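Only one structure is covered here, and it is reproduced in the block below.
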Amino acid sequence: MRPLRSLLALALAWFATPIAVAQAVDYEADVRFALEELDRQCGDLLRAKDIDWKKVTKQFQKEAKAVETDQQHLVLLVRLLARLEDGHCAVQPLESGKDVKWPDEPERTGAGMFWCKSGKKILLKNTWNTAEDVGLKPGMEVVSVDGVGVDKWLDARIAELRDTQSFSTDQQAFFFATHWGLGMPVGTRMKLEVKGVDGKKSKRTLTFSRSSVVPWGPAVFPEGLEGDDDVRWCRLPSGDGYVHLRRCKGDLPERMDEALAKLGDVPGLILDFRANGGGGFDHEAFLGRFVPAGKQLAFTKTYASAGANPYGGPIVVIVDGNCRSAGETGSGMFKEDGRAYMIGESPTAGMSSSKTTLELPSRLFALYVSVASNMGRFNGGKGIEGLGVIPHEIVEYDAKDLSEGVDTLTARAEALLAERTWKGVPYDPAEFGWEAPD
């Protein structure tokens, strides 16, 4: 048995030992720091996008006062970054915040449809699964959704998405809303009023079950495609080559070698970047595959010929608002550096930038944000971020084409290839020694 003096000493030592106490997070300090640093480091982009940062600052300083939990803090930071109009931005957890989860939400799925804009109309671009089962068909005009005019419904949907999603441009927001943004909780019922190509109106009710909301590219793919989901190619009935570039992985230049070898000597080439989700690759090596052997392309930037099967003929590039990041720089070089003619439903997404990471004082999260636009020579020196790559020609889908299984933009590209030279494109295949095949 220990002497009383020893027990007393142990007791005093125990009381003298510091006890670890969880320190409350100063959420307001995090938000103040974020607002100030974002203004300092992203200020040029904020001004270029005409974002009223003083208004944003006032709103989020007020909202930060009500934050009581790490989860609420995460939600507020995500909503704050949405105001940057920056398609790349993200709240990234640090070690202390790795277990903080987004609030539980119902599982979302699609109903088997994508939409597109044609003039003042919203058309069904694709239908499958549930949508197809209830009689919805490509080319139909969407008149109303759940009793609300489609334009008003879309405006409200985009506004709802913008609260937590950051979009670099209006076209990116629209394309998101008409593809991913059509996803709803499983079991949701949606009432559509539609008008057929014949002008007759009808009503359909959808029940959301199991359909992807991820866009894949054109409304209609050509037949006979080879390759994989990243890069696919075929010869069209016209004899022209067609390549759909879904992603820009590091081996993209080598994949083009394969595609060009398989296509052989074609009179014209369509490079379709619709729904290209980006990636990372050697841009100069890629464009070099479209400079004839022994030649250089040097209208704005110099590119040397590269690859085993470089193609020197006329090229039409197709883009849309789902073409993002490296998909924009990859497609944009053809237009901005004078190699090809570009068409599209709209400019590209406009999310191509240099980024930085800002650690917050609480060390719960870091903010990954854009600080400058990529490809500064594009758009007359304004770059891509917040603008997108702007096509030479805007081509929207035609309702009759969609109803007949014809991709309007691919058809337009084929018609352009028959012309071979276009205003605004300095590259002339003949001047580079290319001759059309017999």
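What nm distance separates the two modelled labels at Ala285 and Glu393, each placed 7 Å from Cα along Cα→Cβ?
3.4
Determine the sum of side-chain charges near Lys301: Lys and Arg each +1, Asp and Glu each -1, restricted to other residues whose C-beta is under 11 angstrom from that of Lys301.
Numbers: positive: Arg339, Arg377; negative: Glu284, Glu336, Asp337.
Neighbour charge sum, excluding Lys301 itself: -1.
Could you work out how far apart the two model spin labels at Arg47 and Thr356 are, taking each label as a point 7 Å from the Cα in the direction of the beta carbon, and quote it in nm?
1.5
Among all the lysines, which ones have a C-alpha under 24 Å from Lys400's C-alpha, if same-chain residues fewer than 8 places away are not counted?
Lys117, Lys120, Lys121, Lys125, Lys137, Lys191, Lys195, Lys200, Lys201, Lys203
Run lengths n ≥ 4 of DSSP H only: what is the helix-derived mean residue ellipticity at 222 nm for the chain, with -39500 (n - 2.57) per run over all residues, to the nearest 500? Show your work: numbers first, answer last.
Numbers: 12 runs with 132 residues, N = 438.
It comes out at -9000 deg cm²/dmol, rounded to the nearest 500.
Give me Ile384, Ile343, Ile394 ranked fewest to most by other Cβ atoms within 10 Å of their Cβ, as a rough exposure proxy.
Working: Ile384 28, Ile343 22, Ile394 11.
Sorted ascending by nearby Cβ count, the order is Ile394, Ile343, Ile384.
In nanometres, what is the gap between the two model label sites at Asp163 and Gln72, each 7 Å from Cα along Cα-to-Cβ?
1.6
Check the straight Cα-Cα distances from Lys58 and name the lysines below 24 Å, setting aside those fewer than 8 residues away within the same chain.
Excluding near neighbours in sequence, the set is Lys49.
Once the convex hull of the C-alpha atoms of segment 204-309 is built, how many Å³ does it hold per residue, rounded to a whole number? Display every interim value, and only then the final one.
Working: hull volume 15.7 nm³, N = 106.
For segment 204-309, the hull spanned by Cα atoms encloses 148 Å³ per residue.
What do the square roots of 5 times the Cα gyration tensor eigenvalues come to for segment 108-207, in whole Å, largest first, as semi-axes of the equivalent ellipsoid?
Numbers: eigenvalues 90, 49, 28 Å².
Computed over segment 108-207, the values are 21, 16, 12 Å.
Starting from the exponent 0.38 and prefactor 2.2 Å, build the expected Rg for segment 305-438 from its residue count and divide its actual Cα Rg by it. Walk me through the numbers before you get to the answer.
Details: Rg = 18.6 Å, N = 134, 2.2 N^0.38 = 14.1 Å.
Against the empirical 2.2 N^0.38 Å value, I get 1.31 for segment 305-438.
Neighbour counts of other C-beta atoms within 10 Å: give me Lys120, Lys137 arranged from fewest to most. The partial results should precede the final answer.
Numbers: Lys120 7, Lys137 14.
Ascending Cβ contact count within 10 Å gives the list Lys120, Lys137.
Based on the Kirkwood radius over alpha-carbon pairs, what value in µm²/s does the Stokes-Einstein equation return for the translational diffusion coefficient of the chain at 25 °C and 0.890 mPa s?
Working: Rh = 24.3 Å.
My calculation gives 101 µm²/s for D.
Tell me the net charge near Ser353. Cut-off is 10 Å between Cβ atoms, Ser353 excluded, with +1 for each Lys or Arg and -1 for each Asp or Glu.
Combined, the nearby Lys, Arg, Asp and Glu give -1.
Per residue, how big is the convex hull of segment 56-114 when only Cα atoms are used? Give it in Å³.
On the way: hull volume 8.6 nm³, N = 59.
Normalising the Cα hull of segment 56-114 by residue number yields 146 Å³.
Using 1/(1 + (r/R0)^6) with R0 = 22 angstrom and r between the beta carbons of Ala261 and Ala304, what's the FRET efficiency to the nearest 0.05? Mind showing how you got there, number by number?
Details: r = 20 Å, r/R0 = 0.89.
For Ala261 and Ala304, the calculated efficiency is 0.65.
From a point 7 Å beyond the Cα of Glu105 in the direction of its Cβ, which residues of segment 133-172 have a backbone N at a distance under 14 Å?
157-167, by backbone N distance to the label point.
Over what distance in Å are the Cα centres of segment 365-438 and segment 135-183 separated?
Distance between centres, Cα-based: 24 Å.
Over the Cα atoms of segment 25-70, what Rg and Dmax result, in angstrom?
For segment 25-70, the Cα radius of gyration and maximum Cα-Cα distance read 11.6, 34 Å.
Could you compute the net charge surrounding Leu45? Neighbours are other residues with a C-beta less than 10 Å from the C-beta of Leu45; K and R count +1, D and E count -1.
Values: positive: Arg47, Lys49; negative: Asp44, Glu85, Asp86, Glu385.
Once all neighbours under 10 Å are counted, the net charge is -2.
How much length is gained if the chain between Glu435 and Gln59 is pulled fully straight, taking 0.36 nm per residue apart and subtracting their Cα-Cα distance, in nm to one decimal?
Details: separation 376, 0.36 × 376 = 135.36 nm, distance 6.20 nm.
Difference between extended and current length: 129.2 nm.
How about Lys249: which lysines have a C-alpha closer than 25 Å to its C-alpha, ignoring those fewer than 8 places off in the same chain?
Lys262, Lys301, Lys335, Lys355
Any read-out appearing in this document is the output of simple, stated calculations on the displayed coordinates, not a laboratory observation. Please read these numbers as outputs of a predicted model, since none were measured by experiment. Cβ: placed from backbone, ideal geometry, glycine included. Neighbour counts: every protein chain shown.
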